[in-house]
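Have a look at the structure below before the remarks.
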C-alpha cells in the first residue's frame, strides 16, 4: 500500500456519504474519542471526498472540533463506493460476540479508574450480559427443577 493513500485530512474537506443508511450513536462515538483518543482511519472516495467507512466518526470528530483526521483514500467509481459502504455496514452486522469473552473483557475494563466510560457499555449492560450467560449455562433447562431467578427457566435437579 503506498504511503500517499493515507493522509491527515481537514475534516471540512470530507463529506458523509449521502446514501449511507446507517444511523450511528454519535454520542457514544464522541465519548469513545474523548476517552480513548482517535484510532484508525476513515475510508474515503478520492474523486468525491465522500466517506465510505466512518461516516459517524467524522460527524463526531467535527462535533468535537477536530481539525483533521486520518483518511485512507480509495480510487473507485460511484458503484464501487456504494458497494464498499454497504459491505462495511453489513459485515459489521454479521459479526457475533463470544459473550463469555466479552463479559470477561468488560469486567477487566471495569476495574480501571475510568470503568466502562468510553466503551459504549455501562454496568446495566454488563449485568444483562452476565444474566444471559448464566441462563445459557447447561445446568439450566426448560423443565425439571427450580426456576432461575434471572430468566424463569428451571434449574436441573442435582
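The values are calculated or read from the model by the stated rules, or taken from the named source; none is laboratory data. What you see is a predicted model; the values in this text were computed from it and never measured. When we count neighbours, we look across all protein chains shown, and the Cβ atoms used for this are built from the backbone with ideal geometry, even at glycine.
How many residues are under 16 Å from the mean Cα position of the chain (by Cα), on the phi < 0 side of the Ramachandran plot and not in a helix (DSSP H, G or I) when one looks only at segment 95-123?
Total satisfying the criteria: 9.
Can you name the number of the only condition in (1) assigned to a strand (DSSP E or B); (2) surrounded by fewer than 16 Cβ atoms within 10 Å (Cβ to Cβ); (3) touching a helix residue (DSSP H, G or I) at 6+ places or on another chain (Cβ under 6 Å) that residue 22 fails?
Among (1) assigned to a strand (DSSP E or B); (2) surrounded by fewer than 16 Cβ atoms within 10 Å (Cβ to Cβ); (3) touching a helix residue (DSSP H, G or I) at 6+ places or on another chain (Cβ under 6 Å), the lone unmet condition for residue 22 is (1).
Which pairs have Cβ atoms under 6 Å, sit 6 or more apart or on different chains, and link a residue in segment 124-137 that is part of a helix (DSSP H, G or I) to one that is at pLDDT 80 or above and loosely packed, with under 15 Cβ neighbours inside 10 Å?
Taking only residues 6 or more apart or on different chains, the pairs are 133/99; 133/100.
Quick test for you: out of 73, 38, pick the one residue that is out of contact with any helix residue (DSSP H, G or I) (no Cβ under 6 Å at 6 or more places or on another chain) and either more than 26 Å from residue 117 (Cβ to Cβ) or assigned to a loop (DSSP other than H, G, I, E, B) (or both).
Within the list 73, 38, the selection yields 38.
Go through (1) surrounded by 19 or more Cβ atoms within 10 Å (Cβ to Cβ); (2) assigned to a helix (DSSP H, G or I) one by one and return the number of the condition residue 56 breaks.
(1)
Of all residues in segment 59-79, count the ones that are surrounded by fewer than 21 Cβ atoms within 10 Å (Cβ to Cβ) and touching a residue at least 40 places away in the same chain (Cβ under 8 Å).
So the answer is 9.
Just wondering, is there one or more residues in segment 80-94 that are part of a loop (DSSP other than H, G, I, E, B) and either in the same structural domain as residue 122 (by TED's automatic domain parsing) or surrounded by fewer than 14 Cβ atoms within 10 Å (Cβ to Cβ) (or both)?
Checking segment 80-94: at least one residue is part of a loop (DSSP other than H, G, I, E, B) and either in the same structural domain as residue 122 (by TED's automatic domain parsing) or surrounded by fewer than 14 Cβ atoms within 10 Å (Cβ to Cβ) (or both).
Tally the residues that are within 21 Å of the chain's Cα centre (by Cα) and within 16 Å of residue 5 (Cα to Cα), restricting the search to segment 60-80.
Summing the residues that are within 21 Å of the chain's Cα centre (by Cα) and within 16 Å of residue 5 (Cα to Cα) in segment 60-80 gives 4.
Kindly establish whether residue 61 is closer than 24 Å to residue 119 by Cα and not in a helix (DSSP H, G or I).
In short, no.
Can you find, within segment 29-42, the residue that is farthest from residue 18 (Cα to Cα) among those that are surrounded by 19 or more Cβ atoms within 10 Å (Cβ to Cβ) and either touching a residue at least 60 places away in the same chain (Cβ under 8 Å) or touching a strand residue (DSSP E or B) at 6+ places or on another chain (Cβ under 9 Å) (or both)?
32
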